[in-house]
Each structure stands twice: as C-alpha cells, then as structure tokens.
Amino acid sequence: MAKSVYYYQLGAGTKADPYREVKESIKTIYHRHKGRYGYRRVQEELGHQNCYLNPKTVQKLMGRLHLKSTVRPKRYKSYRGSVGKAAPNLLERNFTATAPNQKWVTDVTQFNVLGHKVYLSPVLDLYNQEVISYEIADRPQMNMVMQMLQKSFKKLKPKDKPMLHSDQGWHYRIAPYQMALKQKGITQSMSRKGNCLDNAVMENWFGIMKTEFFYQEKFESVQSFKAGLKEYIHYYNHDRIKQKLKGLSPVQYRTQSLLVT
C-alpha cells in the first residue's frame, strides 16, 4: 500500500461524522412518530428545527440508520350487491377542495384483533384530509354509520352543504342514510361499481393508518386496540405533518387557513 493511501485512510477514520447531530435528530423524529415518517416528512420536521437538508440526503442518512416504513395492506370491502339505491359519481375523482366542509369522503374498514373483528367508519374532509368524525364498532351495522354521520353533522355551519362521497357499500345505499343526507342538504356521490380509485383518498388514508398504527403495534386486548386507534386519529389530525399541507398537520392547516380568511 502506498504511504499516501495509508495516511489518507488513517485520517479519514479519525474524522468526526459531520452528520452525527443530524442523525440523532432523525432518530428522535422517527421514533417520536413511531416509525410512521418517511424521509420526506422527516426532512420537513428537520426544517421546522432550522436544519435544512436535501431530501435525498435525509433518505441516505435514514438508510444508514436502517429507518424505513412498511408495506400497506389491502382494504375491507362492504359491497353486497344491488341493495337499495346507488347515487351517481358526482365527485369524479376531483379530490381537491378550496375550503373546509365542501367535499367529504367515507368508507368502512375492518381489523382483526386477537381473533375479534373491529370496524372503523370515518369521514374525511378533502380540504385538509382531516378525520372530522368516526365511529368504532364490533359489527358493521347501520347504527355505526348513522352515529358517525350525526357526529359529522355537528361540524357543519348553517351555510355548509358538502358533497359526501363513498363506495357502493350497502350502508350508503339504504333509505335512512340517504334521507339523513337529504335533510341536511348534503349531496350524495358514489364510486362506480368495482372502481376503488374513485375513492382513492379514503383508501389511501386507511393504508396510512394501518401501516403506521395497526401493523406497528401489539395489542393486549380489543379495548387497548380501540384506545390506541383513538389516540392515532388524534395524532394524525393534530401532529402528523403533510407536505401537501405546507408541512402542517390537518388541524394546523385548517386553523391557519381560517385565520387568513
């Protein structure tokens, strides 16, 4: 080995890691959010701490630290055939909204917890992808969806007349549900049969939630799962930042937009 190469390698081995403090910050952010953040949101959080790095640099550092997320699972399907009356697809994959309570989406998803099935029925606002209401139940009965709906109505101001989009699940096709929407002046929209992309934002949220919460945790009981799910939804609404929301959480983004207007 050449003498110059030897001394170069010796010097390189004694140099301090220039990213040592950044790596500690990355680990802190990653573990505080229980492994739910990928390199893009970690980079946003670092920016909030006045540490500005290229996203690819953060990705490289997270790779060295062996920090990454998991794969998302498939969703639960509630379609039971031609029960009740279907509504037209008025949303037409236009998932943008210019103000809160213009466009909502909903669906039902299923969990298997220690051999017991648990169901979640949420409503998501497309303006900031905030979970504005939800209901957790042990059976996918109509009462679950109606209670969720009543909670959603409490978020409306007298002038608010949102569109509510869902798939063609049986919950959304029967008379009590459709009548409740009509009484509130809410326009109903449904995905086309067998076309999950028509409700892509809701499905994407289920994927995020299950990846970041359900498949990351171990539950001692169904009750501990339900408590954890409520905690995650609060975390998602209030603390989990999104790049599309200018690095803010859904609630922060909505609050800031209302101050501007």
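Each reported figure results from applying straightforward, stated rules to the coordinates on display, with no laboratory input. On a predicted model such as this, the values are computed, not experimentally measured, just so you know. Here the Cβ positions follow ideal geometry from the backbone for every residue, glycine too, while neighbour counts run over all protein chains shown.
Of all DSSP beta bridges located in the chain, what percent are antiparallel, nearest 5? In the chain, approximately 70 percent of DSSP beta bridges are antiparallel ones. Using the empirical formula 2.2 N^0.38 Å as the baseline, the Cα radius of gyration of the chain reaches a ratio of 1.24. A crude spin-label estimate for the pair K27 and T96, with each label 7 Å from Cα along the Cβ direction, gives 4.2 nm.
Rounded to the nearest 10 degrees, the inclination of helix 39-48 to the longest alpha-carbon principal axis of the chain is 80 degrees. Counting only alpha carbon atoms, the long axis of helix 200-209 and the longest principal axis of the chain meet at about 50°. In this structure, the pairs whose alpha-carbon distance is over 25 Å, taken from K117/K151; K182/K210; K151/K230, are K182/K210.
Can you give the net charge of the other residues whose Cβ lies under 11 Å from the Cβ of G228, counting K and R as +1 and D and E as -1?
After counting each charged neighbour, the total is +1.
Within a straight-line Cα-Cα reach of under 13 Å, K85 can be paired with the following aspartates and glutamates, leaving aside sequence neighbours fewer than 8 residues apart in one chain: D167.
Helix 55-64 and the longest principal axis of the C-alpha atoms of the chain enclose an angle of approximately 70°. Treating each Cα of the stretch 127-202 as an identical point scatterer and ignoring solvent, apply the Debye formula and state log10 I(q)/I(0) at q = 0.20 Å⁻¹. Log-scaled intensity ratios, in q order: -1.01. Could you tell me which of rounded, prolate or oblate describes the stretch 96-236, using a ≥ b ≥ c as the square roots of the eigenvalues of the alpha-carbon gyration tensor, with rounded for a/c under 1.5 and, failing that, prolate when a/b is larger than b/c and oblate otherwise? It comes out prolate by the Cα gyration axes.
With a/c under 1.5 counting as rounded, go ahead and sort the stretch 192-254 into rounded, prolate or oblate using the C-alpha gyration tensor (a ≥ b ≥ c being the square roots of the eigenvalues; past the cut-off, prolate if a/b is larger than b/c, else oblate). The shape class here is oblate.
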